[in-house]
Amino acid sequence: MPIKTVGVLGCGLMGAGIAQVSAAAGFKTIVLEVNEDVLKKGLGRIEKFLAGGVEKGKVTGEQRKTVLDNLSGTTKYADLKDCDLVIEAIIENVEIKKQAYAQVEAVVGPHCIIASNTSSLCITELGAATRRPDKVGGLHFFNPVPLMKLVEVIRALATSQQTHDTLMGFVQAIGKEPISAPDKGGFIVNRLLVPYLLDAIRCLEEGLGTAQDIDNGMKLGCGHPMGPLALLDFVGLDTTYYIANIMFDEFREQRFAPPPLLRRMVLAGHLGKKSGKGFYDYK
Ligand code: 3HC
């Protein structure tokens, strides 16, 4: 069955971006949040990004209108009843995700695919909690979603070929490049990215260079758009700490072990850009 209507669970940083690119590609998109206040904030995030795009000459007035026309917000699962695909981008907590999937399954048709944007949780486990494990997979987007070209399409143990093909096709339809990855901790990108980010923290801990020098090294020496410590601030130190711990639990390899400085910065509330302080000061 072709995808026409897309539901997005969560309108945070990732959910808002996902809803925006889905609506921009012409899919009727309904984004769900836990309450009106959070929903309003999330939709405001999309409007702000679009306004910024128009200002920069990157988004036309017509493209902005397409997104806003195709997009609606709700706080009721019942409004997702016509969805052919529901993309979940809520808190990284297995039990909360399972509860959300049960609420989705109570309203959607049997053909509906559920895809998680999780960066590190086991999609096979999430699928097993539903009545449709063959129709559960992963769609792992990258931040900032409207600007990053890649989406990892994750095939869990029980994901059917048809579901996987549909998800690959959906990613192409929203103008992104899909790569297929198995359901193993960190998939492809975080498997490579997380040890690199953790190593940058170890370099700082060892006094190999200042944060600025380490970042400039990778930015100017290797052509990365951001240095690793600036990227950690951008992704969130708590998020990276969480992902690293899950990957360490899965593989038991030293390279995924969070360095002591990362744990201490998280404990101190130095979470990066979102808290105003990380490896750099944003206040
Ligand atoms: N609407 C449309 N286009 C916009 C826009 C908007 N609101 N805002 C910016 N743009 C465009 C700009 O015009 C520019 O386009 P151009 O390249 O054609 O000139 C482009 O987007 C870049 O924007 P800026 O020039 O304003 O900003 P930067 O050049 O500083 O780039 C960045 C910002 C894209 C965030 C870049 O620094 C980058 O790519 N950083 C790395 C991000 C990254 O690695 N993300 C992945 C994180 S890992 C992850 O998400 C996985 C998770 O599991 C942890």
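Candidates in the range 167-213 are the residues that are more than 21 Å from Gly272 (Cβ to Cβ) and of a type in the set (Phe, Trp, Tyr); of these, the one that is surrounded by the fewest Cβ atoms within 10 Å (Cβ to Cβ) is Phe187.
Within the group Thr159, Thr130, which residue is surrounded by 20 or more Cβ atoms within 10 Å (Cβ to Cβ), away from the ligand (no atom under 14 Å from the Cβ) and assigned to a loop (DSSP other than H, G, I, E, B)?
Details: Thr130 fails: surrounded by 20 or more Cβ atoms within 10 Å (Cβ to Cβ).
Of Thr159, Thr130, the one residue that is surrounded by 20 or more Cβ atoms within 10 Å (Cβ to Cβ), away from the ligand (no atom under 14 Å from the Cβ) and assigned to a loop (DSSP other than H, G, I, E, B) is Thr159.
Criterion applied to Ala230, Ala200, Ala181, Ala244 was being within 20 Å of Val151 (Cβ to Cβ) and small (Gly, Ala, Ser), and the one residue passing it is Ala181. The condition (being within 16 Å of the ligand (Cβ to nearest atom) and loosely packed, with under 14 Cβ neighbours inside 10 Å) is satisfied by just one residue among Lys97, Lys40, Lys65, Lys76: Lys65. Among the residues that make up the range 43-57, is at least one of them within 24 Å of Lys149 (Cα to Cα), touching a helix residue (DSSP H, G or I) at 6+ places or on another chain (Cβ under 6 Å), within 16 Å of the ligand (Cβ to nearest atom) and not hydrophobic (A, V, I, L, M, F, W, C)? Yes, some residue in the range 43-57 is within 24 Å of Lys149 (Cα to Cα), touching a helix residue (DSSP H, G or I) at 6+ places or on another chain (Cβ under 6 Å), within 16 Å of the ligand (Cβ to nearest atom) and not hydrophobic (A, V, I, L, M, F, W, C).
Give Cys11, Cys83 a once-over and let me know the one that is in contact (Cβ under 8 Å) with a residue 60 or more places away in the chain and within 21 Å of Arg132 (Cβ to Cβ).
Details: Cys11 fails: within 21 Å of Arg132 (Cβ to Cβ).
On inspection, the qualifying residue turns out to be Cys83.
Candidates Phe248, Phe187, Phe170, Phe279: the one that is outside any helix (DSSP H, G or I), at negative phi and among the aromatic types (Phe, Trp, Tyr) is Phe279.
Every condition in (1) touching a residue at least 60 places away in the same chain (Cβ under 8 Å); (2) assigned to a helix (DSSP H, G or I) holds for Asp199 except the one numbered (1).
Only the coordinates and a few stated rules stand behind these numbers; no lab work does. Quick caveat: nothing in here was measured; it's all calculated off a predicted structure. When we count neighbours, we look across all protein chains shown, and the Cβ atoms used for this are built from the backbone with ideal geometry, even at glycine.
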